[in-house]
1. Which trypsin sites (Lys or Arg not before Pro) in the stretch 89-133 pass both tests, a DSSP loop state and at most 13 other beta-carbon atoms within 10 Å?
2. Could you tally up the Lys pairs in the chain with alpha carbons closer than 29 Å? Skip any pair fewer than 8 positions apart unless they're on separate chains.
3. At a 10 Å Cβ-Cβ cut-off, how would you order 59, 31, fewest neighbours first?
4. With axes computed from alpha carbons, what is the tilt in degrees of helix 59-82 against the longest principal axis of the chain, rounded to the nearest 10 within 0 to 90?
5. Helix 7-47 sits at what angle to the longest principal axis of the chain, using alpha carbons and giving 0 to 90 degrees rounded to 10?
6. What nm distance separates the two modelled labels at residue 45 and residue 23, each placed 7 Å from Cα along Cα→Cβ?
7. Between residue 126 and residue 90, what's the calculated FRET efficiency when r is the beta-carbon distance and R0 is 22 Å? Round to 0.05.
8. Taking the number of other C-beta atoms within 10 Å as the exposure measure, put 3, 98 in order starting with the fewest.
Amino acid sequence: MKTYFTPEEANALLPQIREELAALQLLKRRFEIKYRELKALRSAAGKAAALPAGDDPYFALECELEFMQLEANTMLKSFQLKGVQLKDIDRGLVDFPTRIDGREALLCWMLGEDRVEHYHGLHDGFAGRRKLRPNSDDETGKEI
């Protein structure tokens, strides 16, 4: 069953969306740092004649990265369970399925915007964003 959001319903979710998005962005940055650290460690070890004696030097970093991936997947699933489409983590671009003038569309919100005030067609993407019209003949909020 697909949920359609009204602009009011989408706006009501924004505090939670902002919080989850900030956590996901932070996790992504931490992941990128740890990944570069692992890559540098492997590069340095590749130049050495032999690996240092003792514990596997990659194990801890690989485990951290794996845990971060699981955490990120859980966060992404949270967006999906709400019926929200996270389009771009870095830009904070989020779409909410809706119906406008009897047709499926996406309410479009980006981090930094106070509220949901734009929409675009299913295949138009961000470039096709248009301002919501007041009192459009919409059917938003209904489920099919």
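The numbers here are math on the coordinates, done by the rules we state, and not lab data. Source: prediction; values computed, not measured. Don't worry about glycine lacking a Cβ; one is built from the backbone with ideal geometry, like all the others, and counts go over all protein chains shown.
1. Working: sites: 91, 99, 103, 115, 129, 130, 131; in loops: 91, 115, 129.
Filter output for the stretch 89-133: 91, 115.
2. So the count of such lysine pairs works out to 25.
3. The order, fewest Cβ neighbours first, is 59, 31.
4. Here the helix axis deviates by roughly 10 degrees.
5. Its long axis makes an angle of about 20 degrees.
6. My value for the distance between the label points is 3.2 nm.
7. It comes to 0.95.
8. On the way: 3 15, 98 26.
Fewest to most other Cβ atoms nearby, the residues stand as 3, 98.
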